[in-house]
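Every number here is computed from the coordinates shown, using simple stated rules; none is lab data. Here the structure is a predicted model, which is why all the values come from computation and not from measurement. So basically every Cβ, Gly included, is an ideal-geometry build from the backbone, and we count neighbours across all protein chains shown.
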Amino acid sequence: MSRASRSRGTDREGIAGVDGVRQYLGAWSAVSVAQFFAAEAAAIAWWAGPVPYSRRLGFISDLGQVSCGLHGTREICSPLHALMNVSFALQGAGMVLAALLITSAVLRVAAHGPAVRAQARLAAALAARTTAGTPGGAPRPGRAVVAAVRSGHPAAAVPWAATLAVRVLLGLAGTGVIVVGLVPQDAVQAVHLVGAGAYFLAGSLALVVLGVLWLRRTAAAWAVLLCGAASFAATVVGGALRMEVAEPGTLERFMGYPITAGIALAGAVIAYRLGVPSRAAARARR
């Protein structure tokens, strides 16, 4: 077999076995956050307040309020509050699972198979250089990345640190929206607001960093980056004005919708790319 043929064959190889299943589960966990839009539409359709629910004026959390009655200046009654709160919790769980299951190697290069293998070789080489002459020689497999980052090599240290930041921020955002679901605004509002703030801030920043990381990896990077930047800008405006604007519902949706859309898009990109080798192999067998 020629070198070119071997190279093409290698490029078609996927991430197989248990690791491949892990990445798929993580990617589809990210995609699953889009269920929020269906739950929100259903809760709005069943709204029973004295006036119709308005996406321009009503807060998203109003749909998860358990009790009917006055909250601030808003008359609230959401019969499907349980559905909305479960949706919040599932959205957060999907984000946390994505942060835990999608490895830094895959997330960093948008699941591009050859790039995943190339960076693994780079990490191993830098690890060998970093540990040269030390007792025990090269580190065990689980420590190769740590040694590569400690080497200070910009091709390894900076992107790996950025990917770690994405995963931590995504986990924080997911935890925040889980809190939103478990603690509705009419339960303990202070805790509810802390969870919402974590979701908006950490989620938008995660997308900004991920979008920058992916700029040379996939055209979807621009959409991910735009979602993060739009959400972050709206969050800063909302925080500065304490949501005291003419259309608070519109502003809050500019804060939240892009995060959900951006995370679902990122998960879809990873899931699609993980499936490319298997689809290519299936076509080759026909």
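Across the Cα atoms of segment 39-100, what radius of gyration and what greatest pairwise Cα-Cα distance (Dmax) are found, in Å?
Just the Cα atoms of segment 39-100 yield Rg and Dmax of 12.8, 43 Å.
Working out 0.36 nm times the residue gap between Tyr272 and Val86, then minus their Cα-Cα distance, what length gain in nm do you get to one decimal?
Working: separation 186, 0.36 × 186 = 66.96 nm, distance 2.75 nm.
The Tyr272-Val86 span can extend by a further 64.2 nm.
Below 12 angstrom from the Cβ of Ile259, what's the summed charge of the other residues (Lys, Arg +1; Asp, Glu -1)? The partial results should precede the final answer.
Values: positive: Arg253; negative: Glu252.
Net local charge, Ile259 excluded: 0.
Out of residues 5 or more away from Ile76 or on other chains, whose amide H comes under 5 Å of its own, with H placed 1.01 Å from N in the peptide plane?
Residues meeting the criterion, in which the H sits 1.01 Å from N, are Gly69, Leu70, His71.
Using a cut-off of 13 Å between beta-carbons, work out the net charge of the residues near Pro248 (Lys and Arg +1, Asp and Glu -1, Pro248 not included).
+1
If you take the beta carbon distance between Phe37 and Arg242 as r and set R0 to 22 Å, what does 1/(1 + (r/R0)^6) give as a FRET efficiency, to the nearest 0.05?
Numbers: r = 27 Å, r/R0 = 1.21.
Approximately 0.25, to the nearest 0.05.
With a sphere of radius 11 Å drawn around the Cβ of Leu100, what net charge do the other residues whose Cβ falls strictly inside it have (Lys, Arg +1; Asp, Glu -1)?
Cβ neighbours under 11 Å give a net charge of +2.
Write down the radius of gyration of segment 196-252 and its Dmax, each obtained from C-alpha positions, in Å.
For segment 196-252, the Cα-based Rg and Dmax read 12.7, 40 Å.
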